[in-house]
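Reading through the structure tokens given below for one structure.
Every read-out reported here was derived from the displayed coordinates using simple, explicitly stated rules and does not represent laboratory data. Keep in mind that what you see is a predicted model, and the values were worked out from it rather than measured. Note that we place each Cβ from the backbone using ideal geometry, even for glycine, and neighbour counts take in every protein chain shown.
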Amino acid sequence: MSKKLFSNKEIKILSKNPNVKAVSSKSITYSDEFKRIFVTENKNGKLPRQIFEENGFDVEIIGITRINRAANRWRTSYNDSGVLGLRDTRKDNSGRPTNKELTLEEKNAKLEAQIQLLKAENELLKKLDMLERGMKVIE
């Protein structure tokens, strides 16, 4: 998080931008659409500062460090998860897992998945052990 705090005047200016979902004295929440536009234009060779300026942001208010960090965060998310990685999922997650009672079929399916995972881990460990011993791994 940036050390720069926004003044009330800066907050009003930033909140008028259609690419901003929310703004506080400490942070800016950008729209998902702006993030998609940013990644697309950045892939086409535009610099982060230029993209922000073209979309109505005052770089002096936001700060180049904040822009570059957002750019790195969005590029990483896009490379890892595609367009879905750019979504703001905070509203979807309550932070607490559900504690509903599972049916027997759901419990069985969960245990089967756990067994398959453990089998795969065991096979991987066996192959790794053989490689460390210098033996040929049989596929």
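What to note about this one:
- Ellipticity estimate at 222 nm from DSSP helix runs (n ≥ 4, -39,500 (n - 2.57)) divided over the chain, nearest 500: -18000 deg cm²/dmol
- Stretched out straight at 0.36 nm per residue, the stretch from LYS4 to LYS16 would grow longer than its current Cα-Cα span by 2.4 nm.
- Each 5 Å bin from zero up to the one holding the largest Cα-Cα distance in segment 1-81 carries the following percent of pairs: 3, 15, 29, 28, 17, 7, 2, 0.
- Longest site-free stretch - the chain; sites: trypsin sites (Lys or Arg not before Pro), DSSP loop, at most 12 other Cβ within 10 Å: 27-89
- Scattering from the chain was approximated by placing one identical point on each alpha carbon and applying the Debye formula without solvent; log10 I(q)/I(0) at 0.13 1/Å stands at -0.74.
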